[in-house]
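Contents: one structure, followed by commentary.
The values are calculated or read from the model by the stated rules, or taken from the named source; none is laboratory data. Remember, it's a predicted structure, so these values are computed and weren't measured experimentally. Ideal geometry is used to build each Cβ from the backbone, glycine not excepted, and the neighbour counts take in all protein chains shown. Protein only, heavy atoms only, side chains kept; ligands, DNA and RNA dropped before computing areas. Shrake-Rupley method; radii C 1.70, N 1.55, O 1.52, S 1.80 Å.
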Amino acid sequence: EKGGFRHFMLKEIFEQPRAVQDTMAGRLLEEEGNVYLEDLGLTDAEMAGFSRICIVACGTSWHAGLVGKFLLEELCRISVEVDIASEFRYRNPVVSSGTLLLAISQSGETADTLAAVREAHGKGAKAIAICNVVDSSIAREADGVVYTHAGLEIGVASTKAFVTQLVAISLFALRFGRATGAISRERGIELTSSLLHLPAFIEEALQLDTAVESIARRYHNSSDFLYLGRGYSYPIALEGALKLKEISYIHAEGYPAGEMKHGPIALIDENMPVVMLVLRDRHYEKVVSNMEEVIARGGRVIALCSAGDSETAQKAEAVLELPSCAEIVAPIILSIPLQLLAYHVSVLKGNDVDQPRNLAKSVTVE
Ligand code: M6R
């Protein structure tokens, strides 16, 4: 049942090219530069009427929400807030009929996320769910749903569910932006074509497996890790750190690279591996200068950079080169080596990869 893989997590990591294809299947309208979402339950006029989107989720799904804020604000020019569901539900949040709630949950059963949907409904807002499990409680309570179609995820550490959430959010952003007019047909065509290339890029990123394993061998005895990124790479840094914590039990922190100076820099010494997400994008120069600050303090930089970035490759202690790709798919490509890193470190430590201690696949109680 593990299809020749040693663990479900590894099988699920390698299933991702197919999983994202399933998320997109029948939904991309390439010629119109648009997306068809069968159960969205919102008209174009309703979408154009929202002044704000609130995303609520827990754990890894919350990280997907943070990428969603970046994409929705960038592509749709609508203001987006992202909340941890357990905070949102107890805060008396400002929500009205002009607010669209977007609840993200793999299982569709997370107690706090379900309560957030009820809270929003109570205040007159509409709620859309991004779920993997069909007919789950959150999917049923929401006014519309975008299913991720990742297939059953058995590993407690979420991998393919996360990546397909990112795809589902991209599809939603594209549909939303086309409905409100924020995304032109031409831009829509560009975006659909970037999404269509995604499975091939994931295949390419998966080929880093052996290189990631040797990095894991080199660093798995460290007691702390720092993950740094900017823009859409910041939530991916958070997710990389969460994955490592969950299955390797190593203390890891994700930070926006620009915040390093405001505290975490004090932790950096010659024992601290720092995973830097340094793709050639609009944040490149800034992240490179953060990387130099880490190196100046003796930190051991593991860089995830764009293919051919010899400058970064020379500076870092270890380097993983990723295919150059469009911004809309970059967070997904960055996620792959981070999943593999957490996986290999966990295996080297002899941990139970698929069933990490103290964690449940679905958190149905508070
Ligand atoms: O089923 P959900 O997406 O609502 O679950 C949310 C979190 O419990 C979940 O993402 C958790 O953080 C995972 N263990 C991540 O690997």
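Laid out as a table, the results:
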item	result
Tally of residues being surrounded by 15 or more Cβ atoms within 10 Å (Cβ to Cβ) and assigned to a loop (DSSP other than H, G, I, E, B) across segment 306-316	2
Selection from segment 128-145 of residues that are within 14 Å of the ligand (Cβ to nearest atom) and in a strand (DSSP E or B)	Ala129, Ile130, Cys131, Val145
The one condition in (1) within 14 Å of the ligand (Cβ to nearest atom); (2) small (Gly, Ala, Ser); (3) under 21 Å from Met9 (Cβ atoms) that Gly151 fails to fulfil	(1)
Candidate set: segment 134-147, residues that are buried (at least 18 other Cβ atoms within 10 Å of the Cβ) and among the β-branched types (Val, Ile, Thr); chosen: the one nearest to Ser248 (Cα to Cα)	Ile138
Residue list for segment 270-294, filter: farther than 15 Å from Ala330 by Cα and open to solvent by less than 60 Å² (accessible area, probe 1.4 Å)	Met272, Pro273, Val274, Val275, Val287, Val288, Ser289, Asn290, Met291, Glu293, Val294
Subset of segment 108-117 [touching a residue at least 60 places away in the same chain (Cβ under 8 Å), surrounded by fewer than 24 Cβ atoms within 10 Å (Cβ to Cβ) and out of contact with any helix residue (DSSP H, G or I) (no Cβ under 6 Å at 6 or more places or on another chain)]	Ala111
Options Pro356, Pro264: the member that is within 16 Å of the ligand (Cβ to nearest atom) and more than 22 Å from Ala205 (Cα to Cα)	Pro356
Any hit, segment 335-348, residues being closer than 19 Å to Met9 by Cβ and open to solvent by 40 Å² or more (accessible area, probe 1.4 Å)	yes
Of all residues making up segment 39-80, the number that are outside any helix (DSSP H, G or I), over 23 Å from the mean Cα position of the chain (by Cα) and at pLDDT 95 or above	4
Some residue of segment 118-126 being among the basic types (Lys, Arg), surrounded by fewer than 24 Cβ atoms within 10 Å (Cβ to Cβ) and in a strand (DSSP E or B)	yes
Exclusive hit being out of contact with any strand residue (DSSP E or B) (no Cβ under 8 Å at 6 or more places or on another chain) and crowded, with 21+ Cβ neighbours inside 10 Å, set Ala129, Ala150	Ala150
Test for Gly108: is it of a type in the set (Gly, Ala, Ser), within 11 Å of the ligand (Cβ to nearest atom), at positive phi and out of contact with any Gly (no Cβ under 9 Å at 6 or more places or on another chain)	yes
Residues of segment 73-99 satisfying the condition of being among the charged types (D, E, K, R), open to solvent by 40 Å² or more (accessible area, probe 1.4 Å) and either without any contact (Cβ under 8 Å) to a residue 24 or more places away in the chain or at negative phi (or both)	Glu73, Glu74, Glu81, Glu87, Arg89, Arg91
Selection from segment 295-305 of residues that are open to solvent by 10 Å² or more (accessible area, probe 1.4 Å) and in a strand (DSSP E or B)	Arg300
Of residues in segment 154-202 being open to solvent by less than 10 Å² (accessible area, probe 1.4 Å) and not in a helix (DSSP H, G or I), the one nearest to the ligand (Cβ to nearest atom)	Ala157
Selection from segment 5-38 of residues that are open to solvent by 60 Å² or more (accessible area, probe 1.4 Å), of a type in the set (Phe, Trp, Tyr) and in a helix (DSSP H, G or I)	Phe14
Any hit, segment 216-225, residues being closer than 24 Å to Glu327 by Cα, modelled with pLDDT of 95 or more and aromatic (Phe, Trp, Tyr)	no
Residue count, segment 204-249 (criterion: assigned to a helix (DSSP H, G or I) and open to solvent by less than 50 Å² (accessible area, probe 1.4 Å))	22
Residue pairs meeting the criteria (Cβ under 7 Å; at least 6 apart or on separate chains; first within 20 Å of Thr164 (Cβ to Cβ) and touching a residue at least 60 places away in the same chain (Cβ under 8 Å), in segment 123-143; second charged (D, E, K, R) and more than 10 Å from the ligand (Cβ to nearest atom))	Ile128/Asp143
